[in-house]
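Novice: Got a structure here, written out as structure tokens. Questions coming.
The values are calculated or read from the model by the stated rules, or taken from the named source; none is laboratory data. All values reported here derive from a predicted model rather than from experimental measurement. Note that we place each Cβ from the backbone using ideal geometry, even for glycine, and neighbour counts take in every protein chain shown. Keep in mind that these areas ignore ligands, DNA and RNA; they rest on the heavy atoms of the full protein, side chains included. Shrake-Rupley method; radii C 1.70, N 1.55, O 1.52, S 1.80 Å.
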Amino acid sequence: MKYILLILLFGVQLLSAQIVTTKDETRKSEDTLVVVSGKSDSLEIFKPTINDYLYQTQFSQKKLFDTSFSISRSYEFTQFNNRDNFGKIQFSNIGSGFQPLIFETNKEQNLSVLPTNKSFFILGADDIKYYDVKTPTATFIYHNSMKNGAALQSTYTQNVGKNFNFAIEYMGLRSQGLYRNSLAASNNTIFSGHYISKNKKYEAFAHYIHQNVNNEENGGIADLSVFLSGDSRFKNRQNLETNLEGVTSRLYYRRYYFSHEFAPLDSEKYPFKLRHTISHQGNKYYFNQTVADDFFSKNVIKGYSLNSKKYSDNLSNTFSLVWDKENFKLDAGVRHQNITFGNLYPSDSLGIPGKLKENRFGALGNLQIKLWNRFQLKSYLEFSNGNTFGTFLKTTNLVEFEPFKDYFVDAHFNFQSATPSFNNILNSSNYASYNYYLSDPKNQSVTELGAKLRLKWFDANVYLNLVRVDNYAYFNNQGQSLQASDALNITQVGGEATLRYGKFNLNGRLHFQNAISGKDYYPMPSFIGRANLFYQTKAFKDAAEIQAGIKMYYFTKFASRDYSPILNEFMLPNDKAYSIGGQPIADAYFNLKVKRMFFYIEAQHFNTTFLQNKSYTAPYFPIYDFRLNLGIVWYLFS
């Protein structure tokens, strides 16, 4: 890691483009650089501004690097995965995942092996950023760990001429954890490039990503009464006995991706393009143990492997026709996929196969319409079919409009019908109850209808979502994969607002939810809330800016699902489970911005310094005690 940092820092200095350049009228007219005349008439000094540092996802609108000091960014950069994790509850160690408290679908789990608790770090094809920068640029995001280790994400990007950009990104995380056998060690590497021809007729995006998510699995606290006893000997959490030792889980995730488009005609008259995308993605999930353990089951199959491995491969090829006008964009195409789902330890006696494979054919399309700067429609539709995994149908539809000045409405309708995640389809294990194979699964159908009202007043929004899930795939309390006979119907209502008085601010976010039917399949808290009272001001003669405050996260008590280390999924509670929640998680913080360097310092869960920790991620899995959390974000625009 230290060598990577040295190379990146050296590269920024070595490869920086010279600011002083000869006079060039063409560049002067095209560039967005601020021009400052030098003493010599033959020289001009070009000084980049933040407007010269852009990023985008593929074939989307470019955005500026966000170097603002907003409270919403503090919710992201105080988390090890650099995302706002509202609606989730973290395990005791960073890098060990979360329990989701709000139902949501994850498109990366479609037709692939991706356990839920390994999915929170994963970057899909639409998450990869491509850059356009005037000078070599580096970004560093650092988080301290639980006990030994750290998490660091670094990015280096540079334009080669005006038409090509490349980027190298690396994230490394290693954290020992506060409890026994809870080590987390993860990393990802991304190489990306973007090219656009001088005449703007040809454009290409490419990336390679390799991600690893590795964890020790301890099965939670062995004796909860010892944890709750208050005995000073167990303030050092390493003294607490955990259920498992010598158990690990790993996810390997790799993707090659290339997408390009060509405009054969004059784009001003006929904005018609041809687009081709090819990608190959492979996922591998391993569960390893040194000995069989009664913690999982006493019904052990003798002679069966202690380990398990599942994998999926998806080779996808898409050809599309594109009509690309500023206010009307339409693309439609056909797709072929070659999909393999494999299991390294098949069993004829248990009826568990070793490999499932198919060729899928389908069609997809996107539509975007903008009218009068007050109305926008975004719609996506995809259909495919195969002999092994059946039909796949997905549509997402979003309408944004402004019926009155400063009142904005977002309405959406989403639907997806697909075979359950491959982790639900099949598993082989030396524990009898964890062997299953859904040979003829029904499509899990998710229908979502909702609307959000956004107001400029108080930066407020309120929303209503209605979710219906048919044939919901879940894990029972024995680790068996099943599908619900009743529909799961969920109502979600919530909102967020920020009140300001001088330099004092109060940001609040509320989420109410209720399962009208099928609630036994997906236990959830009825309320999740976050309140943040903070003070924000300039400091040190406006050379810096500070935020200081207290925030609180809370969710009501509910009969939580159990966590399964074998599957890395959450399953219905057994007779030893208990309700969690009803305990506030309070953080005090001091954030500082100096130019383009940000410091996020948090006393996390500080209420456990005077109250006993009774907060859990899942039964027998307490969340972290009081800890000092440090996050640093640094943008280097050389």
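Novice: Between residue 541 and residue 459, what length comes free when the chain is fully extended (0.36 nm per residue of separation minus the Cα-Cα distance, one decimal in nm)?
Specialist: So the chain would gain 26.7 nm between residue 541 and residue 459.
Novice: Among the lysines, which fall within straight-line cross-link reach of residue 310, defined as a Cα-Cα distance under 28 Å, with same-chain neighbours fewer than 8 residues apart omitted?
Specialist: List returned: 88, 107, 118, 284, 298, 302, 355, 357, 394, 442.
Novice: Per DSSP helix of 4 or more residues, -39500 (n - 2.57); summed, then divided by the residues of the chain. What does that give at 222 nm, rounded to the nearest 500?
Specialist: Calculated at 222 nm, the ellipticity per residue is -1500 deg cm²/dmol.
Novice: Here's another thing I want to ask about it. Compute, for residue 291, the solvent-accessible surface of its heavy atoms (probe 1.4 Å) with the complete set of protein chains present, and express it in square angstrom to the nearest 10.
Specialist: For residue 291, the solvent-accessible surface is approximately 90 Å².
Novice: What relative contact order, as a whole-number percentage, does the chain give when Cα pairs under 8 Å and 6 or more residues apart are counted?
Specialist: Relative contact order of the chain: 10 percent.
Novice: If you keep only loop residues by DSSP, which trypsin sites (Lys or Arg not before Pro) in segment 534-597 have at most 16 other Cβ atoms within 10 Å of their Cβ?
Specialist: Answer by residue number: 541, 557, 576, 595, 596.
Novice: Cross-link partners among aspartates and glutamates for residue 134, C-alpha distance below 14 Å, same-chain residues fewer than 8 apart left out?
Specialist: Partners within reach: 30, 31, 52.
Novice: Moving on to the next point. Of the cross-linked pairs 378/452; 62/200; 309/576; 452/503; 162/593, which ones have a Cα-Cα span greater than 21 Å in the structure shown?
Specialist: Numbers: 378/452 15 Å; 62/200 15 Å; 309/576 29 Å; 452/503 28 Å; 162/593 31 Å.
In this structure, 309/576; 452/503; 162/593 exceed 21 Å between Cα atoms.
Novice: Averaging sequence separations of C-alpha pairs under 8 Å and six or more residues apart, then dividing by the length of segment 329-452, give the relative contact order as a whole percent.
Specialist: Computed over segment 329-452, the figure is 19 percent.
Novice: Using alpha-carbon positions, what is the distance between the centroids of segment 183-243 and segment 110-124, in Å?
Specialist: What the calculation gives is 12 Å, centre to centre.
Novice: For segment 372-419, what % of the accessible area comes from carbon and sulfur atoms, probe 1.4 Å?
Specialist: Carbon and sulfur together cover 61 percent of it.
Novice: Restricting to DSSP loop positions (anything but H, G, I, E, B) with no more than 16 other Cβ atoms inside 10 Å of their own Cβ, which trypsin sites (Lys or Arg not before Pro) remain in segment 167-247?
Specialist: 198, 200, 201, 235
Novice: Then there's this: To the nearest 20 debye, what is the magnitude of the charge dipole of the chain about its Cα centre, counting +1 on the Cβ of each Lys and Arg and -1 on the Cβ of each Asp and Glu?
Specialist: It comes to approximately 920 debye.
Novice: Can I ask one more? Just subtract the alpha-carbon distance of residue 234 and residue 150 from 0.36 nm times their residue separation and send over the number in nm, one decimal.
Specialist: That pair, residue 234 and residue 150, stretches by 27.8 nm at full extension.
Novice: Short version: ³J(HN,Hα) in whole Hz for each residue of segment 64-78, in order, from phi by Karplus 6.51 cos²θ - 1.76 cosθ + 1.60 (θ = phi - 60°), x for Gly and Pro, what are they?
Specialist: Running phi through 6.51 cos²θ - 1.76 cosθ + 1.60 with θ = phi - 60° gives 6, 4, 8, 10, 6, 10, 8, 6, 5, 6, 5, 5, 7, 7, 9 Hz.
Novice: Whats the longest run of the chain with zero GluC sites (Glu not before Pro) that are DSSP loop and have at most 15 other Cβ atoms within 10 Å?
Specialist: Answer from the scan: 327-638.
Novice: Can you list the aspartates and glutamates whose alpha carbon is less than 17 Å from that of residue 370, not counting same-chain residues fewer than 8 positions off?
Specialist: 324, 326, 331, 400, 402, 410
Novice: Simple spin-label model, 7 Å along Cα-to-Cβ: residue 286 to residue 265 in nm?
Specialist: If labels sit at residue 286 and residue 265, their model points lie 5.4 nm apart.
Novice: Given R₀ = 45 Å, FRET efficiency for residue 127-residue 476 by Cβ-Cβ distance, to 0.05? Could you put the intermediate results ahead of the total?
Specialist: Working: r = 33 Å, r/R0 = 0.73.
About 0.85, to the nearest 0.05.
Novice: Please work out how much length the chain gains when fully extended from residue 493 to residue 66, using 0.36 nm per residue of separation minus the C-alpha to C-alpha distance, in nm with one decimal.
Specialist: Length difference between fully extended and current span is 150.8 nm.
Novice: Specify the inter-centroid distance of segment 316-339 and segment 532-585, based on alpha-carbon positions, in whole Å.
Specialist: 40 Å
Novice: Ok, one more. For residue 56 and residue 517, what is the calculated FRET efficiency with R₀ set at 45 Å and r taken between the beta-carbons, to the nearest 0.05?
Specialist: 0.60
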